[in-house]
1. Keeping the other protein chains in place, figure out the carbon and sulfur percent of the accessible area of segment 479-528, with a 1.4 Å probe.
2. Out of the trypsin sites (Lys or Arg not before Pro) in segment 483-528, which ones are loop residues according to DSSP with at most 14 other C-beta atoms within 10 Å?
3. Within the set 301/492; 118/455; 118/460; 248/460; 159/455; 248/455, which residue pairs have Cα atoms separated by over 25 Å?
4. Once you sort the root eigenvalues of the Cα gyration tensor of segment 468-527 as a ≥ b ≥ c, which label holds: rounded (a/c under 1.5), prolate (a/b larger than b/c) or oblate (the other case)?
5. Can you compute the modelled spin-label distance between residue 105 and residue 282, with each label point 7 Å from Cα toward Cβ, in nm?
Amino acid sequence: MEAHPSNIETAAQLENIQHCSSPSRPPNVDAMRESAVHHVAVVMERAHHGGGWLLSGIICINILILGCALVSGSSSNSVAITTVHQQIFLVILLLLTMLWMLFYTVITSRKNQAVVFKDGHAGPVWLRGESSLGTVFRYHFGKLNSCLFQSYFLWVHAKDCVQRHTNFTRCGLTLTLSTNLVVWMAAVTEESIHQTEIPDLNITSFGDKNCKCSHSVCDVFKEAYYYLYPFNIEYSLFASTMAYVMWKNVGRFVEDHGNHNVKFRLKDVCLGPLTGMLLVVAGLVTFIVYEVDIQEEDEEKRNSALLIHFIMNIVIVSLMSISTMIGCIFYRLDRREHVSEKNPTRSLDMGLLVGASIGQFIISYFTIVAVVATGAKGYLNALNLAWAVLTVFQLGLQNYFIIEGLHREPFHLMQEAALHTNAHAFPEHVEMSIVVETNKCSYFPTLSFDKLSWKRRVLKEVCAFLLLSNIILWIMPAFGARPQFDHPLEIKFYKFTMWAAIVNIGLPFGIFYRMHSVASLFEVYLIS
């Protein structure tokens, strides 16, 4: 069902009435108006659901299952299903996705009152930037045009809450989502096959010695692909994430426009950023040493590189665990209400956080089982076990810290609510300024001073430290650190084929988790 213009205008008028309410008006009148606005929005959103949700879900499930079957069939050395069939299927999906995005951009988004509302939380700059950056690293030239167009589409329309052609838009978005997931599955499977068929840990798709290339650029791509592979993999995950948020926002009516009152400042924190930067620098130094020495044929140097890498990671996750526990304690001291508003972007952020961490959990638990089963003999095995156990502990604590932080009511909203309610109690500290816009009026209270309490300061210090620590834990695996293959214990225990599949599935999720944690911690920092 399409949104009727009169309904949209009615909701907008009620919203304006709510915003223009005077602070002196009795609270029960404001509550009644707020309830009326909420009721109208809920009724209108329910009217949009219809069969579009079901149909789009069916399309997504069928494409994913068919894609899994084709990817699995082409990877089993079957004569009947080859890589060519898989590529034809992907090309068809990409063409259909491009046609729908073109239709949305040219027709749907330009219709009258098609995009009345924008979700301020959807499509954050970091996510759109990463999806755009990912297009640079797409190595299949057949996909390049599709990726460029998709990046443009997501950058421009990621915040849309479309009210026209809703059913067709939902189907198009699930097509986009499932296409990106199938592309991701194909890339992960292809990488696993290359490592299985050519068991040289430093050789990937460009490493086949039977493939000759006379151009000097080939050597550059050969070296660069190994380091840029995670970007290529994660592009599809980023695009799927943004398509899902757009799908949830189809026909949605939102009142907020993001955290426009929040300003990022580092002047109130010192210890967290300073300690975090020291860890980043130390991690980069040990990472460079690791990358240089692990290439050597001398086993002693390789063991020394692994020793340094394990110790550095143990130190990082240990400090992160301690700081996260401190942050969780201060959550209890700095009591706040939980946000009751339904927000698809926030829900997805938390779902992605937990889901992406599963990749690192899988690798860590498989390592724990392998090391314990073999007796954990030798200092490298002991350090590897300690790193895996601490990583599991740190991931659980950090997930709790971030999710609890995102659920808490932002400080600036609590401050504004308190000032609206008690403005007469402290006139010497508050200036009430009335900003009148077209058909709108709103009150913005501003404090004459804004100093952090000691509890908020500690929470911001913890967020800043965890943010920088996650950056270095993202850099090392994203740019080539593979101790899972350089340390032979797991390969001997699980055999190379199985272990390569585990790492190639879990590692991209682990890298995505660290990057997503950085963005989530930045949000927690702002609202603390």
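The values are calculated or read from the model by the stated rules, or taken from the named source; none is laboratory data. Treat the numbers as computed from the prediction; the structure is a model and nothing was measured. Neighbour counts run over all protein chains shown; Cβ positions are idealised from the backbone, glycine included. We work out accessible area using only protein heavy atoms, side chains counted, and drop any ligands, DNA or RNA first. Shrake-Rupley method; radii C 1.70, N 1.55, O 1.52, S 1.80 Å.
1. Values: 1070 of 1430 Å².
Carbon and sulfur atoms account for 75 percent of the accessible area of segment 479-528.
2. Values: sites: 492, 495, 514; in loops: 495.
Listed in order of number, the matching sites are 495.
3. Values: 301/492 21 Å; 118/455 34 Å; 118/460 29 Å; 248/460 31 Å; 159/455 34 Å; 248/455 36 Å.
Pairs exceeding 25 Å: 118/455; 118/460; 248/460; 159/455; 248/455.
4. On the way: a/c = 3.93, a/b = 2.67, b/c = 1.47.
Cα axes put segment 468-527 in the prolate bin.
5. Placing both labels 7 Å along Cα→Cβ, they lie 4.8 nm apart.
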